[in-house]
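The structure under discussion appears below in the form of C-alpha cells.
All of the numbers you see were taken from the coordinates with simple rules; none came from a lab. Not measured: the values here are computed from a predicted model. Glycine also receives a Cβ, built like all others from the backbone with ideal geometry; neighbour counts cover every protein chain displayed.
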Amino acid sequence: MIEEVLSTARSNALVDPSLGIWTWEVAVYLFLGGLTAGIMLFVALVHLQGSPQERPFTAYRLALWAPVVLSAGMTTLFLDLEHKLYVFRFYTTLQPASPMSWGSWVLLLVYPLSVAQIAATLRGGYPGFAAWLERLPLFGRWLGAAFDVSQRYRRAIMLWSIPIAVSLGIYTGVLLSTFSARPFWNTAILGPLFLVSGVSAAAALIILFARHKGERHAFAKIDAGLLAVELLLVGLLIVGLASGAQAQLQALQLITYPDGPFALIFWVLFVTVGLAVPLLLELWEIRGGRSLVLLAPLLVLFGGYLLRQVTLDIGQASTWSEYTVQYDPGLLERLR
C-alpha cells in the first residue's frame, strides 16, 4: 500500500482525512422518505387488490401518516442545508443528469398524491374527523366535494401513487449511488436496497398500530419476506464490493476486517439486530409461536434507520485516495 502525506493550509476536521459533512439529519430524511414510500405503496395496493375491509388500518387510516412522516423528514433535510433561503432554487430548473434534481421534483408530486389518498380514505378511517371538517363554516363545503371526487376516482389515485412511491423509495438510494468518488456508495444495489428497506419499515409500522389480528399477521408475513430480500441485497452489496477495484476492496475493509471501524455497527447492530433477529421473530410468530408484538417491528424500524446512517458514514469514509493530512500553517505565509 502506498502511503501519501498531504501538506495543506486547510484545517477542516469535516473534510480531512475523510468526509463527514452528512450527519444524522440526512440519515433521518432518507429513512423517513423510504418509510413514506412504503406507506403510500401499501395504501394503494390494499385498495387495488380489493381487500380494504380485511386490512382496515392500512386501507383507511395509514394514508394520514404519509405527509406527516415526509414533512418530518423534510424538516431534518432543511436543518442540514447550509443556505436555507436558497431551497427554492431546486424548483427553478430540472437537471436530467442530477438525481437530486429529480428527487426534488418527485417530492413535489408526492405531497398532492398523499393528500389525495387521505381524501379518498378519510371518511372510512376517521369518520368523526371527516364530518367535523365538512362542517367548517368556510371550507367545509369544498372539503366535502373534494372527498366525493377523491372517492369517485380512488382507483386512479391509487394507480398513480404506485410509480411515485416506488420512485421516492428508489431515489433515496440512487441519490448516494451516483457519487462515483465514494466507492461504498457507487453500486446499483443501493436503490433497490433502500426501497425494500422503506417498504419493510412501513410494514413494521402497520404491525405496531393495526388492531386487527389478521392484518398484523398478514403484514408479519409480508415483512418477513421483505427482510429476507433485504438480507439478500446486503449480500449482493458485499459481493459487488469484494469483486470490484482496489478502492471497493478498501471500502469493504471498513466493515469486514477485525479492526474495521464500522464492522461492529454494520454486522452486529444492523445485520444481526436490525435484520436477522426480527426476521426470526416474525417467522416464529407465523409458525404459531408466542407473539412479541412490539419487539420485532421496533427492531425493523431501528434497522431501517441504521442502514441509512451506517451507509452514510461508511460512504463518506471510503475514498479513491488514501492519504494522511498534515496541516502546515506556514503555507499561508507563502501564499501571501
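Sorting 202-214, 228-240, 306-318 by their mean Cβ neighbour count within 10 Å, with the most densely packed peptide first, gives 306-318, 202-214, 228-240. In this simple spin-label approximation, Leu294 and Arg211 carry label points 7 Å from Cα along the Cα→Cβ vector, and these lie 1.9 nm apart. Helices meeting the span-like rule in the chain (full DSSP H runs, Cα extent of at least 30 Å along the helix axis, mean Kyte-Doolittle score of 0.5 or higher): 24-48, 99-125, 154-177, 213-242, 295-317. Full extension of the chain segment joining Tyr126 with Arg141 gains 3.6 nm, where the gain is 0.36 nm per residue of separation less the Cα-Cα distance. In this calculation the C-beta distance from Val87 to Leu264 is compared with R0 = 41 Å, giving a FRET efficiency of 0.65.
Subtracting the Cα-Cα distance of Thr23 and Lys221 from their residue separation scaled by 0.36 nm leaves 67.9 nm. Were the residues from Arg155 through Leu280 laid out at 0.36 nm apart, the gain over their Cα-Cα distance would be 41.4 nm.
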